Amino acid sequence: MASGVMFILIPAGLGVVSCLFILFYVSFTSNFFIHSHQIHLTFNSTLNNSFVANPTIQTHTHVQFNGNHVNDNDVFHDRDAFVDNYEEMNRSLKIYVYPHLKDDPFSNLLLAVDFEPSGNYASESYFKKVLKMSHFITRDPSNADLFFLPFSIARLRHDPRVGINGIKDFIKSYIFNISHEYPYWNLTNGADHFYVACHSIGRFAMEKVVDVKINAIQVVCTSSYFVSAYIPHKDASLPQIWPRPGGNPNFAPYKRKKLGFFAGSLNSPVREKLLKWWGNDSDIFVHFGRLERSYTEEFLGSKFCLHVKGYEVNTARIVDAMFYGCVPVIIANHYDLPFADILDWKHFSVIVTTLDIPLLKKILQGITQQEYLVLQSNVLKVREHFQWHVSPIHFDAFYMVMYELWLRRSSLRLQ
């Protein structure tokens, strides 16, 4: 009898110990990866204590920290660490861009555009255009922290010589060429290289070059935890920004009479579910056809503006909402949100799982007026981080992407 009991208890005890070990391991490793940049901040910061006390920092571009850029702890995970390391990033980060001549037959796919980018995938072109003119560029690869692969996924897609079906082969040939003409790729197997892409076709483009997907830093708009093409913490989420003309609208919160607003194509099960539950609601306006009022008017007249997963987790609606001062409601499971290493999204957005779509109205109506005013005020504070400028402004989208690259470059050095 006793031996029978022991026969049962011993395996059970081992099982409990194993489960506890697994839980400890997952907890430890998750914290390590999520906060890996904080390890760098602790051991590699070269700034002294006088930096924080001095409101004006003299750098290559005279960074000003005495304005409204980073004056609110609520929207940042760690404001002080961000400010300290932003200065270090701005001072020291160097990037080498693989050179190409204007008479290269594929120069239109590799060089920065000579016009101001616009449209749904402008982020890709803006980054490359601004980077080219920035002080982060080095012509000496021995001084480079990172190497930029300058091909444009969006332009490859539309080039008749390549097209959607030829992108994978083009990328494969490009990596083959630079790895044979230059020594830098082979030194790290691409781990210190990165590319930028906003079109959804980008997540399929690397299928014939596994080293790019596994090793290189992918700065992409289609940043979903759910797809194997994107690796969180190694890769970075690029905000999809449709540039809007004019200054930031500032429509008073009390003038926003509509509880919620969404307009878009009916191109996903998530949007079908949204339509099923809220298509005829008088408080949440869900529209999949032609709008009676302008897009701008709907955003300005709504308290909450919905970003709902379509074909991909990303759309430009999140940044549109911020631009018009509307609190974003994010309904897109597994979305690695842009700048989530830096900004605390729960302080300026509402995140709802697709499972909770039937509860959407209850969730939004459960937010008190005071809580809404805080969210809306924080939206106005963070929206500058989601704007592009041909001549970049500190803490705008360009500099935020550079900071994300800085964090990943620092992780490479720790390894």
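The values are calculated or read from the model by the stated rules, or taken from the named source; none is laboratory data. As the structure is a prediction and not an experimental result, all values here were calculated from the model. Backbone-built Cβ (ideal geometry, glycine too); neighbour counts: all protein chains shown. Protein only, heavy atoms only, side chains kept; ligands, DNA and RNA dropped before computing areas. Shrake-Rupley method; radii C 1.70, N 1.55, O 1.52, S 1.80 Å.
Report the dimensions of region 270-415 along its three principal axes from the alpha-carbon atoms, largest first, rounded to Å.
Extents along the principal axes, in whole Å: 53, 33, 31.
For region 69-157, just say rounded, prolate or oblate: build the C-alpha gyration tensor, square-root its eigenvalues into a ≥ b ≥ c, call rounded for a/c under 1.5, and beyond that prolate if a/b exceeds b/c, oblate if not. Show your work: numbers first, answer last.
Details: a/c = 3.11, a/b = 1.58, b/c = 1.97.
Cα axes put region 69-157 in the oblate bin.
What is the log10 of I(q)/I(0) for region 150-189, computed with the Debye formula using one identical point scatterer on each Cα and no solvent, at q = 0.22, 0.35 Å⁻¹?
-0.69, -1.11
Relative to the present Cα-Cα distance, how much length would full extension add between N189 and Y311 at 0.36 nm per residue of separation? The partial results should precede the final answer.
Numbers: separation 122, 0.36 × 122 = 43.92 nm, distance 3.20 nm.
Difference between extended and current length: 40.7 nm.
If amide hydrogens are placed 1.01 Å from N in the peptide plane, which non-local residues have theirs closer than 5 Å to the one on T138?
Placed amide hydrogens put I95, Y96, V97 under 5 Å from T138.
Suppose all protein chains stay in the model; what accessible area per residue would a 1.4 Å probe give for region 148-251, in Å²?
Value for region 148-251: 43 Å² per residue.
If you place +1 on the Cβ of every Lys and Arg, -1 on the Cβ of every Asp and Glu, and leave all else neutral, what size is the dipole of region 156-231 about its Cα centre, to the nearest 20 Debye?
The calculated dipole for region 156-231 is roughly 240 debye.
Could you please put T315, T296 in sequence from largest to smallest accessible area, using a 1.4 Å probe?
Values: T315 20, T296 55 Å².
Ranked list, largest accessible area first: T296, T315.
Kirkwood hydrodynamic radius of region 211-346 from all distinct Cα pairs, in Å?
It is 16.0 Å.
Work out the FRET efficiency for N108 and K361 from their Cβ-Cβ distance, taking R0 = 45 Å, and round it to the nearest 0.05.
0.40
Could you look at region 113-187 and say what percent of its accessible area is carbon and sulfur, using a 1.4 Å probe and all protein chains?
48
Across region 189-198, in residue order, what do the Karplus-derived ³J(HN,Hα) couplings come to in whole Hz, using 6.51 cos²θ - 1.76 cosθ + 1.60 with θ = phi - 60° and x for Gly and Pro?
Couplings: 6, x, 5, 9, 10, 8, 9, 10, 8, 10 Hz.
Considering only protein heavy atoms and a 1.4 Å probe, what is the carbon-and-sulfur percentage of the accessible area of region 280-415?
Using a 1.4 Å probe with all protein chains present, region 280-415 comes out at 52 percent carbon and sulfur.
Classify region 323-389 as rounded, prolate or oblate from the Cα gyration tensor: take a ≥ b ≥ c as the square roots of its eigenvalues, call it rounded if a/c is under 1.5, otherwise prolate when a/b beats b/c and oblate if not.
Since a/c reaches 1.5 but b/c is at least a/b, the shape of region 323-389 is classed as oblate.
Assuming R0 = 30 Å, what is the FRET efficiency of E181 and M133, from their Cβ-Cβ distance, to the nearest 0.05?
0.75
What figure, in Å² to the nearest 10, do you get for the accessible area of K172 with a 1.4 Å probe and non-protein molecules left out?
110
Of the listed pairs K132/K381; K213/K276; K309/K362; K129/K273; K234/K258, which have alpha-carbon separations greater than 31 Å here?
Beyond 31 Å: K213/K276; K129/K273; K234/K258.
What is the ratio of the Cα radius of gyration of region 318-358 to 2.2 N^0.38 Å, where N is its residue count, to two decimals?
The reported ratio for this selection is 1.18.
So how much accessible area does K208 have, in Å² to the nearest 10, using a 1.4 Å probe?
So the heavy atoms of K208 present about 100 Å² to solvent.
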